[in-house]
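What follows is one structure encoded as structure tokens, with my remarks underneath.
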Amino acid sequence: MSPFVRRNLLIPFSTILFAGLLYCLMYWVPALKSQMQHLEILVISLLIVMTLVVMLFWVSLGVFGGLTCLLLSMIFIYRPLTDLDPYYYSVLILAFFLNCFLGYYIHRNINKSDREYTVTMEKIHEDTNLIHEHFKNRMAEISAMEEKVNSLLKLKEISDELSLSLSSDEIIQIATQRTFDKFRPDVRVLFYLKDEKGDGISLVDAVSADSRKQKGMKKGGIFERWVLKNMQSLLVRDVRKDYRFSLNEDEKNEDFISLMSEPLICEGNIIGVLRVDSRREEAFGQHDLRILDIIGELTAVALGNSRLYRRTEELALKDSLTGLYVYRYFMERLEEEVQRGLRSGNPFAMIMFDIDDFKKFNDKYGHIAGDIVLRNVGHVLKSKISAGDIVCRYGGEEFAFVALGYDIKKAAKLAEEIREDIENSPVTIRREEKNITVSAGVSVFPDDAKLREDLIWEADRRLYQAKAEGKNKICAK
């Protein structure tokens, strides 16, 4: 309770006391004059209290209230006191003036204290408001920091998942699903990959919270073309108001209003586009776009690593010149087919090819010409592969072909077709067409051999028999 409020409580108390004292001095004291011998003691007591009341009016109401109370007192008690003793009235006037001075002095100090109190309370309220506002700001910052920490933790989880996968399909699924989990519940996530043989893109994965269809989104739209052209991320808060884009009728019918789109850049080239859209306007902000940027960068790195791993794996399994399997992998696969054949009893053929007079050709025309011949032979062999067949560059100018399910007759026919195709596929060396021929030996599991080394030895023996019989021949016996 402030001093001002406490002072206001004095007003009714002082008024009631003042009225009671006036009544006593005007009516009650004269009535007791004939009945009391020492009436002056009572009168002096009442006058002392009256002066205190006047002082209270000065304190509580100031100059106006104090003077009013003083004049009323002097007017209404003048007659009763002068009838008793004029001395009383003189003493009363002196006491009144002393108390008025004292009351005015107290009133001024109280007003000064009130002002100081008011200023102090205003300062306290101001400081309290500042502290409250500071507290609210700090709580908002803490909440924003917690949200950022949670986002970073989710990004770490996404990074861990992507780094553990070397499959492109799995990486795409992880990126699409985790992006949807981050921006759910009413978004749609579209994942595009750039065509390896063109400049366009194709939709490879999509996730949405509802049954929205990707009507015309299979090859992307104007927003994806913008991202591909500028190689920059894109944020559109409302496609109906963005002056940068002019939508065609099909794009206007698409079920979205705001979107974010992120280019997936690997080694300076765009390999795809990751897009998030929503039916709400202003659904995404700059913070959301930064999160999508990070996810896009992680995804691009993971896809780059996957492609590098696939190329490394191919280099480890395939000959870089002909694109056929290398000797080590071929031997592993051949052993698997032998074991499978021993369990099932199914036959398969082993065909060994050797380019005729390749060393002479190489010495005459050079190694570059020899490489052209090897690539040409490899191309013909790959064109004859059926499901499950194995073809490898066995070593130098020798090639091995495992044809699953073939008996000796079918295998000899296949070998003859390959020989004819190679002979009828001349290579151009120094502006001249040169015909290449091969010789081949054929062996069949399990008729000719039931072990891997024996099967190879038998095919190799028949190959050299074909060489001895004049080359450009097939020997299956």
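How far, in nm, would the chain grow between Asn435 and Glu281 when pulled straight, counting 0.36 nm per residue and subtracting the alpha carbon separation? Each step should come with its number before you reach the end.
On the way: separation 154, 0.36 × 154 = 55.44 nm, distance 6.87 nm.
Going from the current span to full extension adds 48.6 nm.
Pop a pseudo-label 7 angstrom from the Cα along the beta-carbon direction at both Tyr309 and Lys359 and give the gap in nm to one decimal.
Roughly 4.4 nm, to one decimal.
Please list the equivalent ellipsoid semi-axes of the stretch 168-315, computed as the square roots of five times the alpha-carbon gyration tensor eigenvalues, in descending order and whole angstrom.
Working through the eigenvalues yields semi-axes of 25, 16, 14 Å.
Would you list which lysines come within 16 Å of Lys360, measuring only between C-alpha atoms, while excluding same-chain residues fewer than 8 positions from it?
Lys434, Lys467, Lys471
Whole percent per 5 Å bin, from 0 to the bin with the longest distance: what is P(r) over all C-alpha pairs of the stretch 240-388?
With 5 Å bins starting at 0, P(r) equals 2, 7, 10, 11, 10, 9, 8, 7, 7, 8, 7, 6, 5, 2, 1.
What translational diffusion coefficient, in µm²/s and rounded to a whole number, does the Stokes-Einstein relation yield for the stretch 324-477 at 37 °C and a viscosity of 0.692 mPa s, taking the hydrodynamic radius as the Kirkwood radius over Cα pairs?
It diffuses with D of about 211 µm²/s by this estimate.
Highest mean first, how do 154-165, 439-450 rank when packing is the count of other Cβ atoms within 10 Å averaged over residues? Before the final figure, lay out the partial values.
Values: 154-165: 15.3, 439-450: 21.6.
Output ranking for 154-165, 439-450: 439-450, 154-165.
For the stretch 149-234, what D do you get in µm² per second when you plug the Kirkwood radius from alpha-carbon pairs into Stokes-Einstein at 10 °C and 1.306 mPa s? Write down the numbers at each step before the final one.
On the way: Rh = 14.3 Å.
Approximately 111 µm²/s, per Stokes-Einstein.
So if R0 is 25 Å, what FRET efficiency would Glu267 and Trp226 give, r being the distance between their Cβ atoms, rounded to the nearest 0.05?
Working from the Cβ atoms, E equals 0.70.
Need one number: convex hull volume per residue for the stretch 101-184, Cα atoms only, in Å³.
70 Å³
Apply 1/(1 + (r/R0)^6) to the Cβ-Cβ distance of Leu289 and Arg375, taking R0 = 60 Å, and write down the FRET efficiency to the nearest 0.05.
0.80
Between their Cα atoms, which of Lys410/Lys477; Lys382/Lys413; Lys364/Lys473; Lys148/Lys182 are more than 18 Å away from each other?
Beyond 18 Å: Lys364/Lys473.
Subtracting the Cα-Cα distance from 0.36 nm times the residue separation, let me have the gained length for Asp160 to Ile124 in nm, one decimal. Provide the component values of the computation, followed by the final result.
Numbers: separation 36, 0.36 × 36 = 12.96 nm, distance 5.26 nm.
Length gained, Asp160 through Ile124: 7.7 nm.
For labels at Leu342 and Val149 in the simple 7 Å Cα→Cβ model, what's the distance in nm?
With each label placed 7 Å out from Cα toward Cβ, I get 6.1 nm.
In nm², what is the average projected area of the convex hull enclosing the Cα atoms of the stretch 134-174?
2.9 nm²
Every number in this text was worked out from the coordinates using simple rules, so none of it is lab data. Fair warning: this is a prediction, and the values are worked out from it, not measured in the lab. Cβ atoms come from the backbone with ideal geometry, glycine included; neighbour counts cover every protein chain shown.
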